[in-house]
Structure formats: C-alpha cells, structure tokens
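A short worksheet on the structure shown next.
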Amino acid sequence: QSTTEKQHGTRGRRKQFVRVYNASENTLLARFQHGAGVLCCCFGDQGHVLSGGIDRMVLEHDLATGQTAVLGAHERPVRGVGHTSAGYARPDVTVTGGWDRTVRFWDRRARGCVATSHVSGKVFSLSAVGPRVVAALSGRRVAVWDLVRSLEAPEVERESSLAYQSRAVRIFPDSTGYALASIEGRVAVEYFDASPAAQERRYAFKCHRVRGADGVDTVYPVNAIAFHKGQGTFATGGCDGFVFVWDGQNKKRIAQLPRFPTSVAALAFNDPGTLLAVASSYTFEEGEKTPPPLDQVFVRRVDE
C-alpha cells in the first residue's frame, strides 16, 4: 500500500513524501519526495510507483533501484493517476488528470506525453482499468475513454446521474462499468454498454447517513470506493467514519467495519484481495475544528 506523509522541512517549508509499505509485515520499503502536497499515487508495473500532487509533477519511483524520475508535468495540480494494462493502446501507459482540465497519457519508456485530452472541468477523481479510463470532473461531469479507440478525446463526456458534486470514481474489475460517489451520500452504478438492456441495470443508492434521535438523517460525503478484484464487491468510505462493503449485483450491504476515529479519506484492497487499507483523516466536512491527533492508516484482513 502507498500513503503520503507530511514532515516539516527547513524555513517552515513542508516536504511531502510517498511512502511504500509491506502491509503484511508492517515494514517501510521506500520513501520518495515531492516538492509539495501529494494528492494521488498508484502502483505501475515491474515495481514502479507513480504519483502526482500540488507541485504539478508526475513522478515515477523505481522500488528496485530507489531512483525517482520525472515523467512529466501538468499546468496545475495533479489530482488523479492510474496505470493501464499493456496492449490496449500502448504498453506501460500512465494516465493522469489535473486541475488544468486535461487528462494526459504518458509512455514511461519514452519519458514523454503521448496524448493530451481536454475536458470541461477539473479532474476530481480518476480510474483506469483495462482499456477504460473514467474521470469525475467538476460541474458534475463524467468523461470516459476507450483506449482501443482514442487517447486524444474521451469517447463520451456527460452529466453525472447524481445531483451533487462527484467525490470518487472507480471502474469495475472487469471494465464493464464504474461506481461514482458524491458529496451527498450517494453512489451510482453505471455501465459502459449503451444498449437499452445494459442501461436498465443502472441504479443509485443512499449510503453514509446517520439518523439522529430526532429521526433526521445527517448526510456525509462518500470519499472513497475500492473494488475487490476476486469477488467484484466494493467498499465505500465516508466522512461518517464508516466503511461499508456492498454486493453491487444483488444491491445489498454485506459488511460494516467498526467506526474509525474520523473521516475515511481513502481505501484500497491489495491485489490478491486479502487486505483492505483504510486511511482515517479529517476532511473538513464540518469546517475548522480540532481534528484527531493522528492521520492513520489501518490495515484490515479480508475474510472469505
């Protein structure tokens, strides 16, 4: 699993790091530095870690050699990064989305940008699985790419089916659709297939709502979605501090983890699906207040 860490540097400047851990053994494997806050990171292939952030840089870290290389840069902060499987467009394609309203495709071997796709809003979240890339944008827009067809322009850009700002998007493990979460405690399940039969399977549901003693629900943003590759189930994490696990096909909740100290900011299953990492960090959904003393990453074992 990979996380970010803040550390005070000289003259009041903050150094920002991507840390890579062996989650099973709880050991630190490597640490790589950005010039400013890190907003996204993911694993590539062959022991590489990719990251981006407020310094606008897209960095690639080689775990074998310990070397960090600059893959490229956006004109504004980088908010999403993903890595596609080889063979769909070009081998080793890294995808990044930024607040400069572009999604860029990088060939790490050539150390350059192979395509820039302009979209209508800032990228708030990005997911890449197989031949598909989906970006959740500002203005309640969603852009979808089919890498077999084109890198230069999205296959479709449309309005979100959810009524409020998007917070997270993740593609199904089989690349047939995606789940989209909003700040209004809802998740939409969408399909790429445009046929009427496939579109009839679309739905949205309420989640991450806490009912008070007066019977009124407090609605919390859904910050994170993570799919289990083996089962096809998915977990959601919200500002209520809860993680729920859902069976999307049967439209039911199948598990709930004990409440975490504060907002769940990020989620990730490991590749075999035996571990779930949960980042607990206050996300200012209640404005300025004294947050818990620590930002923490919890690793939970996943039972059958």
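Values as computed for the structure displayed
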quantity: Integer Hz, Karplus 6.51/-1.76/1.60 couplings in order for the stretch 42-57, x for Gly and Pro; calculated: 7, 8, x, 10, 6, x, 10, 10, 10, 8, x, x, 5, 6, 6, 8
quantity: Heavy-atom accessible surface of the chain: percent carbon and sulfur, 1.4 Å; calculated: 47 percent
quantity: The chain - mean residue ellipticity at 222 nm from DSSP helices (-39,500 (n - 2.57) per run, n ≥ 4, rounded to 500); calculated: 0 deg cm²/dmol
quantity: Mean accessible surface per residue for the stretch 234-304, computed with a 1.4 Å probe while every protein chain stays in place, in Å²; calculated: 58 Å²
quantity: Other-chain or far-sequence residues with amide H under 5 Å of Arg186's (modelled H); calculated: Cys207, Val222
quantity: P(r) of the stretch 56-182 over all Cα-Cα pairs, binned every 5 Å from zero, in whole percent; calculated: 2, 12, 22, 25, 20, 12, 5, 2, 0, 0
quantity: Rg/Rg_ref, the chain, where Rg_ref = 2.2 N^0.38 Å and atoms are Cα; calculated: 0.97
quantity: Under-5 Å amide H pairs with Val93, H placed in peptide plane, nonlocal only; calculated: Thr84
quantity: Sites matching trypsin sites (Lys or Arg not before Pro) across the stretch 224-282 that sit in DSSP coil, with at most 10 neighbouring C-beta atoms within 10 Å; calculated: Lys251
quantity: Probe 1.4 Å, all protein chains present, accessible-area order of Leu275, Leu28, Leu39, largest first; calculated: Leu28, Leu39, Leu275
quantity: Derived scalar couplings ³J(HN,Hα) [the stretch 248-255; Karplus, 6.51 cos²θ - 1.76 cosθ + 1.60; whole Hz; x for Gly, Pro]; calculated: x, 5, 9, 6, 8, 7, 10, 7
quantity: Whole-Hz ³J(HN,Hα) from phi, Karplus 6.51 cos²θ - 1.76 cosθ + 1.60, for the stretch 103-117, glycine and proline x; calculated: 10, 10, 10, 10, 9, 5, 5, 7, 6, x, 7, 9, 6, 10, 10
quantity: Percent of Cα pairs exceeding the 22 Å cut-off, where the set is the stretch 168-304; calculated: 38 percent
quantity: Amide H within-cut-off set for Gly72, under 5 Å, with H built and near neighbours excluded; calculated: Val58
quantity: Stokes-Einstein D (µm²/s) once Rh is taken as the Kirkwood radius of the stretch 169-226 over alpha-carbon pairs, at 25 °C in 0.890 mPa s; calculated: 194 µm²/s
quantity: Lysine pair count for the stretch 167-293 [Cα-Cα under 26 Å; pairs on different chains or 8 or more apart]; calculated: 5
quantity: For the stretch 96-211, accessible area per residue (1.4 Å probe, heavy atoms of protein chains only), Å²; calculated: 42 Å²
quantity: Per-peptide average of other Cβ atoms within 10 Å, ordering 64-72, 44-52 highest first; calculated: 44-52, 64-72
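The values are calculated or read from the model by the stated rules, or taken from the named source; none is laboratory data. Quick caveat, the model's predicted, so the values are computed rather than measured. Cβ atoms come from the backbone with ideal geometry, glycine included; neighbour counts cover every protein chain shown. Quick note on the areas: whole protein, heavy atoms, side chains included, nothing else; ligands and nucleic acids left out. Shrake-Rupley method; radii C 1.70, N 1.55, O 1.52, S 1.80 Å.
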